[in-house]
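Trainee: Below you will find the structure I want to go over with you.
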Amino acid sequence: MGVEVTITTEGQLRLDQAILDHLGVQPGGRLEIILKPDGRVELHGAAKKLVFADLRGILARESSTPVSLEEMQRAIEDVQL
């Protein structure tokens, strides 16, 4: 299936929503473009790159209580392999 797009005078192109849906990209999302040696390009939806701050609170649960390092060490020592 081929789709034509028009390049603006600023060198930009607009992708129809159907193309964005196919790539799994939301408006404002990122695309990965791979330049092929024969002059073709591949277009992929780029995975979001996580930064450390994105992980804050990922393991937190309201019902969990903090565990001390000593309690963790005892639990590790209790496991017999």
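Trainee: Can you sort Ile19, Ile58 from fewest to most other Cβ atoms within 10 Å of each residue's own Cβ?
Mentor: Final ranking by Cβ density, sparse to dense: Ile58, Ile19.
Trainee: Continuing with the same structure: Taking the chain as a Gaussian network, Cα atoms linked when under 10 Å apart, which of Asp54, Asp38, Asp21 shows the biggest mean-square fluctuation?
Mentor: Maximum among the listed residues: Asp38.
Trainee: Oh, and also: With +1 on each Lys and Arg Cβ and -1 on each Asp and Glu Cβ, and nothing else charged, work out how big the dipole of the stretch 17-78 is about its Cα centre, in Debye to the nearest 20.
Mentor: Magnitude of the dipole: close to 400 debye.
Trainee: I would also like to ask the following. Pulled fully out, how much extra length does the chain show between Met72 and Ile19, if you take 0.36 nm times their separation in residues and subtract their Cα-Cα distance?
Mentor: Once the chain is fully extended between Met72 and Ile19, it gains 14.1 nm.
Trainee: Related question: Can you tell me the FRET efficiency between Leu35 and Leu55 if r is taken as the Cβ-Cβ distance and R0 is 22 Å, rounded to the nearest 0.05?
Mentor: Calculated value: 0.10.
Trainee: Still on this structure, I have one more. Among Glu42, Glu71, Glu32, which one shows the biggest mean-square fluctuation in a GNM of the chain, springs joining Cα atoms closer than 10 Å?
Mentor: Fluctuation is largest for Glu71.
Trainee: Of (1) 12, 26, 20, 12, 14, 12, 4; (2) 19, 46, 26, 8, 0; (3) 18, 53, 27, 3, which one was derived for P(r) over Cα pairs in 10 Å bins from 0, in percent from the structure shown?
Mentor: The calculated read-out lines up with (1).
Bear in mind that the values in this text are calculations on the coordinates, not laboratory data. Since this is a predicted model, take the numbers as computed values, not measurements. Positions of Cβ are generated from backbone atoms using ideal geometry, with glycine treated the same way; all protein chains shown enter the neighbour counts.
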